[in-house]
Amino acid sequence: MRDQGRLIEWFDEQGYGFIQPNDAKKAKVFLHIKDFSKAGPRPIIGCALDYRVTVDGQGRYRATDVVYLKARQVRAQAAEQVVQHGTATKTALQPMQYLIAGYLIVLAILSVLGYLPSLTWIWLMLVNVLCYWCYALDKEAAKTQKRRIPEQNLHILAVLGGWPAAWLAQQRLRHKTQKQPFQKIYRFSILFNVLLLLWLLSPLNVF
């Protein structure tokens, strides 16, 4: 699959950098100087690129068969992405925001009424802060090619109640938003937390 974006980071001595796709929802894409389809000027931050997206051995999105874009090509692609991004925001982001807000409101009401332990909110605060922090560390490690946070650790934190912070980190940091099967497992963590809440409130809960 081909895509377009702009170079936002470039380390000329090492010969690599990162592209931010025109669709701001997409994660950054790793670029190495050898991945240009033909020899040309050294890339500079801000230049527009067209590239093929692959996944390398480290699980990163990587640009291959890269070419520079002309000004008219950039304008046409940018106009198309504005329309797509506005539609995606209305159809994908808002329902998730409503789900998180509703989930937290329900937890707050149940805690006040005594249906949930009083320490529930302290636990949720701690696990969500830790979850967001781990996402930020993993994002930075991906950019600097340092040791990554294992994906299973991110999933464990989401299952333990940190899934709202995980979603927030994915959107703000543009991290893990499109990687599969990561997103499938993340959605399972949301379902698990919702079902767990329903079970705690049901007659089946004998504790």
Residue within segment 172-191 that is among the small types (G, A, S) and outside any helix (DSSP H, G or I) present: no
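Evaluate segment 79-87: report whether one residue or more is modelled with pLDDT of 55 or more and either in a helix (DSSP H, G or I) or surrounded by 10 or more Cβ atoms within 10 Å (Cβ to Cβ) (or both).
Yes, the conditions are met somewhere in segment 79-87.
Just a yes or no: is a residue in segment 65-73 within 22 Å of A141 (Cβ to Cβ) and modelled with pLDDT of 80 or more?
No, segment 65-73 has no match at all.
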Criterion: out of contact with any strand residue (DSSP E or B) (no Cβ under 7 Å at 6 or more places or on another chain), surrounded by fewer than 16 Cβ atoms within 10 Å (Cβ to Cβ), over 30 Å from Y16 (Cβ atoms) and modelled with pLDDT of 95 or more - qualifying residue of L160, L93, L130: L130
Residue pairs meeting the criteria (Cβ under 6 Å; at least 6 apart or on separate chains; first more than 14 Å from K143 (Cβ to Cβ), in segment 27-44; second modelled with pLDDT under 85 and surrounded by 20 or more Cβ atoms within 10 Å (Cβ to Cβ)): none
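Is it the case that some residue within segment 29-51 is within 21 Å of the chain's Cα centre (by Cα), assigned to a strand (DSSP E or B), modelled with pLDDT under 90 and not small (G, A, S)?
no
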Qualifying residues in segment 1-28 (those that are touching a strand residue (DSSP E or B) at 6+ places or on another chain (Cβ under 6 Å) and among the basic types (K, R)) - the one surrounded by the fewest Cβ atoms within 10 Å (Cβ to Cβ): R2
Test result for S111, free of Cβ contacts under 8 Å to residues at least 12 places away in the same chain and surrounded by 16 or more Cβ atoms within 10 Å (Cβ to Cβ): yes
Candidate set: segment 168-187, residues that are in contact (Cβ under 8 Å) with a residue 12 or more places away in the chain and over 18 Å from D23 (Cβ atoms); chosen: the one surrounded by the most Cβ atoms within 10 Å (Cβ to Cβ): A169
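The values are calculated or read from the model by the stated rules, or taken from the named source; none is laboratory data. These numbers were taken from a predicted model, which means no experiment stands behind them. Note that we place each Cβ from the backbone using ideal geometry, even for glycine, and neighbour counts take in every protein chain shown.
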